[in-house]
Amino acid sequence: MIEKVKSMILNLCENKEWCWKEHIEAVVKYSKQLAKEVSANEEICEISAWLHDIKKLKGEHEGHHISGSEEAGEILSDLGYPEDKIKKVKECILTHSSDENYPPQSIEAKVLACADLLSHFDIFMEFAYYAYALNKDSIEEGKERLRKKYKKAMKKIILPEAKKIAQPKYEAIMLILGEEN
Ligand SMILES: [Fe+2]
Ligand SMILES: [Fe+2]
C-alpha cells in the first residue's frame, strides 16, 4: 500500500517548479521519526504524509487540506485499504495545515502537522530561492519574509519532541537572518 501511494505521489512531483519532492520526502521522514518517538501508528502517519499535499501537487491550493482529505480517502478506498484506517488518514490530512477550524486531535494528526512544519527547517535555501529568485524580493524583504515564516512555524509546532528537533535549526536560521532593523 505504502509503495503504491509513494510512487503515485512521486510521479505527481515530477517537473514542478517548486521542490515538492524534497518537501514530501522530508514530511515522510519526520512523520516516521516522530511516530516512533510518541508511539503513534507509523503506517497511518507515513501514508498521511505521502498524501497530505496531493491537491497542491495538482495545483489546487485553496482548502487543500479539506479537498485533499476527501481525495486521499477515495484513492485509498479504491486501493482496498481498510475503512477504519482510511478514517484516520483523512483526519490527519484534514487537520495538517494549521486551519483553526480543523485542529489536530489524534496523536497521528499531531505528528503529521508537526512533520509538515519541521520539513520547512530542512529547505531554508529553497524558501530563500522562492523569495529572491521567484518573488524578486529585495535582500531585506526576503530576510523579513523568512524571519516571519520561521517564527510562525516554530510557534505552531505542538509536540515537544518536534520542537526539540526544530530548535537548533531555528537558532541557526535566525542567526543567519539577523535581527529586524
Ligand atoms: Fe499542506
Ligand atoms: Fe506540506
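Taken together, the values in this text are just the output of simple stated rules run on the coordinates, not laboratory data. A quick note: this is a predicted structure, and the numbers were derived from the prediction, not measured. Cβ placement follows ideal geometry from the backbone for every residue including glycine, while neighbour counts extend to all protein chains displayed.
Quickly work out the Ser77-to-Lys4 label distance, labels modelled 7 Å from Cα along the C-beta direction, and quote it in nm with one decimal.
1.5 nm
If I model a spin label as a point 7 Å beyond the Cα along the Cα-Cβ vector, how far apart are those points for Glu22 and Lys87 in nm?
In this crude label model, Glu22 to Lys87 measures out at 4.0 nm.
Would you grab the residues whose amide H sits under 5 Å from the one on Leu159? Only those 5+ places off in sequence or on another chain, please, with H modelled 1.01 Å from N.
Counting only residues 5 or more places away or on other chains, the set is empty.
Which one of Ser97, Ser77, Ser138 has the biggest mean-square fluctuation once the chain is modelled by GNM with Cα springs under 10 Å?
Ser138
Loop only per DSSP, at most 15 neighbouring Cβ atoms within 10 Å: give me the GluC sites (Glu not before Pro) in region 18-78, ordered by residue number.
In loop regions of region 18-78 (DSSP not H, G, I, E or B), the sparsely surrounded GluC sites (Glu not before Pro) are Glu60, Glu62.
So which GluC sites (Glu not before Pro) in region 108-181 pass both tests, a DSSP loop state and at most 15 other Cβ atoms within 10 Å of the Cβ?
Glu179, Glu180
Given the DSSP H assignment, sum -39500 (n - 2.57) over each helix run of at least 4 residues in the chain and divide by its residue total; what's the result at 222 nm in deg cm²/dmol, nearest 500?
-22500 deg cm²/dmol
Note down the relative contact order for the chain as a percent, whole number, built from C-alpha pairs under 8 angstrom at least six residues apart.
It rounds to 20 percent for the chain.
Are there trypsin sites (Lys or Arg not before Pro) in region 13-43 that DSSP marks as loop and that have at most 14 other Cβ atoms within 10 Å, and which are they?
Here the sparse-neighbourhood loop sites are Lys16.
Return the aspartates and glutamates within reach of Lys36: Cα separation strictly under 12 angstrom, same-chain partners fewer than 8 residues apart disregarded; answer none if there are no such residues.
The qualifying aspartates and glutamates are Glu46, Glu108, Glu161.
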